[in-house]
């Protein structure tokens, strides 16, 4: 699908003119260049990714120099000057970063990451590097590998320290060094330590008992710990992180394609459980190529981890023979939409205008992530004939069961459930990034999905922050769906008054059911004040509907009685407890988690918020007063379900909903503190059932 590669190439070429203001020369070394701010850490990695992107263009046989505004030779010289800055300012070099005259980068748990990401571009200009360039590259790689060999401990834990991605990239750089420089004195030791890290990257608990052989030893002997649960759920940064499942696989892809470039077979350890993790990641991708992040995100939406899905899609094609062209095309169209909206050649300047002004480092970091991942598309597809003949995984034999698509998934630790149907993605996660969060969207329209506390209401006190404390949760899966219920404490923090910084406000009980009709979710929610408290805002339900550049800032809402249909693709019904109202903040409210109090009106994504019960005026609530009490159904499509409230004893809430399959379903939750029964079924406090 050569036109796909060329379309990505044109996007990367169009980015080049926007980079000139961000490319700088160190004052005392006019022969060097950096992109961004040239500092240690992310600043260095930003330069490394940019040089990889420029190098890919310099080596591109179908380069449109008029579009990118630089002749091939200038692109090559820019790439080499950035590479030389990276090598000279390393601990093995003779220069420094822009932090100070004595600061150099390297020898950390993450310093290999930028190196791994840039190497595809370095490979592209390999024959244009001078002997001195090659000597410095060798010195840097040996220095990093020596440090990892002698100073870095192999660790893994499914909760903390959770290190799947860093074990992957650190294992990969050790193998890379050994493959590039087999004459290195410690090449064999690099391979062994690299294997140890790789086998503890995508590791799961059952590896502890595995007899599968790697380099003549059973996996159990290599095993240090699990970085993933047996479900392949990943608790990175403290929440169910689909994004870091992708990051881990993306670093696998980088070594896989380097081995193809070298004409050698990658170590079998590289691919451990790759196919099973891909099976879950594949379940979490919209039809248009965007990630369905069932555990949410803490960073800029549709960036970073999303960008690194692109090399993973190519890995799936080349290693597993699974064509992902349609997903890559869908992501390309989203990139094109955003670039067109920016109208300046950048990838992110409109949504990330705050970073342009207040954090050039963050802005250029994100820009270079996008540029480098597009460069992989340009390089690897050209080098490997669009993966027409998949390379496979060598001696590693993938589990054939992983070829079956997942349709129902659960992770106990995170309290996460997910059902994927042809017409519906429905999920709920308790231990999410901005938790809890539920979702019901059509697979064909990712523009309807925003994670932050979605569909779980919003209760705000007088503080800047409104933390929640999870008390209990419980999940039940059944064929075609699930039901989960739980209870959490709402609080407010960062208050103005002296002697009080935080106070508890309300207890929430919530049930969320994905009915086995392939279209409907039902949620029943109840909250009451735990003390006399002053609340500044109450939003029942709070279904987030992104309304930004990806849908041209236009949503079509059609309201009939207690139903609201959104773009003819999603219908919300208020069954009891209030009317549907739409709240539209006059600014982008979805920003970086934890930074909103400082920049509340300068986020990176705008959402409309669909509410059932909307209180924007501050008011007092007495102890035990009801704050919200409602039931709602959300259906993919434009057909609202018939629904009614069930007459139940005190302490229970329940509704009868007719599914899109014509069946009647009863959803019941215990909002009280003692066990109750419904139709002879016991219901402990804060649990729910679906009956039919």
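The values are calculated or read from the model by the stated rules, or taken from the named source; none is laboratory data. None of these values were measured; they are calculated from a predicted model. Virtual Cβ from ideal backbone geometry, glycine too; neighbours counted across all protein chains shown.
Scan (1) assigned to a helix (DSSP H, G or I); (2) surrounded by fewer than 20 Cβ atoms within 10 Å (Cβ to Cβ); (3) in contact with a strand residue (DSSP E or B) (Cβ under 7 Å, 6 or more places away or on another chain) for the single condition residue 368 breaks and write down its number.
It fails just one condition, (2).
Listed residues 201, 269, 253, 226; which is touching a residue at least 12 places away in the same chain (Cβ under 8 Å), in a helix (DSSP H, G or I) and under 30 Å from residue 593 (Cβ atoms)?
Values: 201 fails: in a helix (DSSP H, G or I); 269 fails: under 30 Å from residue 593 (Cβ atoms); 226 fails: in a helix (DSSP H, G or I).
Exactly one residue qualifies, and that residue is 253.
Of all residues in segment 199-229, count the ones that are surrounded by 15 or more Cβ atoms within 10 Å (Cβ to Cβ) and either on the phi > 0 side of the Ramachandran plot or out of contact with any strand residue (DSSP E or B) (no Cβ under 9 Å at 6 or more places or on another chain) (or both).
Selection size over segment 199-229: 11.
Read through the list (1) over 17 Å from residue 424 (Cα atoms); (2) in contact with a strand residue (DSSP E or B) (Cβ under 7 Å, 6 or more places away or on another chain); (3) in a strand (DSSP E or B), then give the number of the only condition that residue 682 fails.
(2) is the only condition that residue 682 fails.
Report the residue count in segment 256-266 for those that are on the phi < 0 side of the Ramachandran plot and either surrounded by fewer than 21 Cβ atoms within 10 Å (Cβ to Cβ) or not in a helix (DSSP H, G or I) (or both). Lay out the reasoning, then the answer.
Narrowing segment 256-266 to residues on the phi < 0 side of the Ramachandran plot: 256-262, 264-266.
Cutting the leftovers down to either surrounded by fewer than 21 Cβ atoms within 10 Å (Cβ to Cβ) or not in a helix (DSSP H, G or I) (or both) gives us 259-262, 264-266.
Result for segment 256-266: 7.
What are the residue pairs meeting all of these: first residue in segment 515-529, first residue on the phi > 0 side of the Ramachandran plot, second residue part of a strand (DSSP E or B), Cβ atoms under 6 Å, and 6 or more apart or on different chains?
518/421; 518/424
Going through segment 229-241 one residue at a time, which ones are outside any loop (DSSP other than H, G, I, E, B) and in contact with a helix residue (DSSP H, G or I) (Cβ under 6 Å, 6 or more places away or on another chain)? If you could, list the steps in order and put the result at the bottom.
The first filter runs over segment 229-241 and keeps only residues outside any loop (DSSP other than H, G, I, E, B), leaving 235-236, 239-240.
Once the filter is applied, which keeps residues that are outside any loop (DSSP other than H, G, I, E, B) and in contact with a helix residue (DSSP H, G or I) (Cβ under 6 Å, 6 or more places away or on another chain), segment 229-241 yields only 236.
Restricting to segment 628-645, name every residue that is buried (at least 16 other Cβ atoms within 10 Å of the Cβ) and either farther than 12 Å from residue 570 by Cβ or free of Cβ contacts under 8 Å to residues at least 40 places away in the same chain (or both).
At the first step, the residues of segment 628-645 found to be buried (at least 16 other Cβ atoms within 10 Å of the Cβ) are 628-637, 640-641, 643.
Residues satisfying the conditions are 628, 629, 630, 631, 632, 641, 643.
More than 25 Å from residue 587 (Cβ to Cβ) and in contact with a strand residue (DSSP E or B) (Cβ under 9 Å, 6 or more places away or on another chain): does that describe residue 327? Full working, then the answer.
Numbers: more than 25 Å from residue 587 (Cβ to Cβ): yes; in contact with a strand residue (DSSP E or B) (Cβ under 9 Å, 6 or more places away or on another chain): yes.
For residue 327, the condition - more than 25 Å from residue 587 (Cβ to Cβ) and in contact with a strand residue (DSSP E or B) (Cβ under 9 Å, 6 or more places away or on another chain) - is met.
Kindly list the number of the only condition in (1) at positive phi; (2) surrounded by 18 or more Cβ atoms within 10 Å (Cβ to Cβ); (3) without any contact (Cβ under 8 Å) to a residue 24 or more places away in the chain that fails for residue 577.
Among (1) at positive phi; (2) surrounded by 18 or more Cβ atoms within 10 Å (Cβ to Cβ); (3) without any contact (Cβ under 8 Å) to a residue 24 or more places away in the chain, residue 577 violates only (3).
How many residues are in contact with a helix residue (DSSP H, G or I) (Cβ under 8 Å, 6 or more places away or on another chain), assigned to a helix (DSSP H, G or I) and surrounded by fewer than 24 Cβ atoms within 10 Å (Cβ to Cβ) if we restrict to segment 327-362? It would help to see each step written out before you state the result.
As a first pass, look at segment 327-362 and keep what is in contact with a helix residue (DSSP H, G or I) (Cβ under 8 Å, 6 or more places away or on another chain): 327-329, 331-332, 334-339, 341, 344-352, 355-356, 360-362.
With the extra rule that they be assigned to a helix (DSSP H, G or I), the set shrinks to 327-329, 331-332, 334-339, 341, 355-356, 360-362.
Subset that is surrounded by fewer than 24 Cβ atoms within 10 Å (Cβ to Cβ): 327-329, 332, 334-339, 341, 355-356, 360-362.
Final tally of qualifying residues: 16.
If you check 177, 195, which single one turns out to be within 14 Å of residue 145 (Cβ to Cβ), modelled with pLDDT of 95 or more, surrounded by 17 or more Cβ atoms within 10 Å (Cβ to Cβ) and touching a strand residue (DSSP E or B) at 6+ places or on another chain (Cβ under 9 Å)? Before the answer, list the steps.
Working: 177 fails: touching a strand residue (DSSP E or B) at 6+ places or on another chain (Cβ under 9 Å).
From the options 177, 195, the qualifying one is 195.
Only strands (runs of 3 or more DSSP E) wholly contained in segment 398-510 count here; list those with 2 or more residues that are under 24 Å from the mean Cα position of the chain (by Cα). Give the derivation first.
Values: elements: 408-411, 416-421, 424-429, 437-441, 458-460, 468-478, 481-493.
The strands (runs of 3 or more DSSP E) meeting that bar are 408-411, 416-421, 424-429, 437-441, 468-478, 481-493.
From the residues in segment 51-75 that are assigned to a loop (DSSP other than H, G, I, E, B) and in contact (Cβ under 8 Å) with a residue 60 or more places away in the chain, which one is surrounded by the most Cβ atoms within 10 Å (Cβ to Cβ)?
Taking segment 51-75 as the starting set, the residues that turn out to be assigned to a loop (DSSP other than H, G, I, E, B) are 59-64, 69-71.
Filter once more, keeping what is in contact (Cβ under 8 Å) with a residue 60 or more places away in the chain: 59-61.
Values: 59: 24, 60: 22, 61: 5.
Applying the filter and picking the extreme gives 59.
Within segment 523-592, which strands (runs of 3 or more DSSP E) (wholly inside it) include 2 or more residues that are touching a helix residue (DSSP H, G or I) at 6+ places or on another chain (Cβ under 9 Å)?
Details: elements: 533-535, 537-546, 557-560, 563-566, 570-576, 580-583.
Once the strands (runs of 3 or more DSSP E) in segment 523-592 are filtered for at least 2 residues that are touching a helix residue (DSSP H, G or I) at 6+ places or on another chain (Cβ under 9 Å), what remains is 537-546.
So is residue 78 surrounded by fewer than 20 Cβ atoms within 10 Å (Cβ to Cβ) and either touching a residue at least 40 places away in the same chain (Cβ under 8 Å) or more than 17 Å from residue 362 (Cα to Cα) (or both) or not? Full working, then the answer.
Values: surrounded by fewer than 20 Cβ atoms within 10 Å (Cβ to Cβ): no; either touching a residue at least 40 places away in the same chain (Cβ under 8 Å) or more than 17 Å from residue 362 (Cα to Cα) (or both): yes.
No; evaluated as a whole, the condition is false for this residue.
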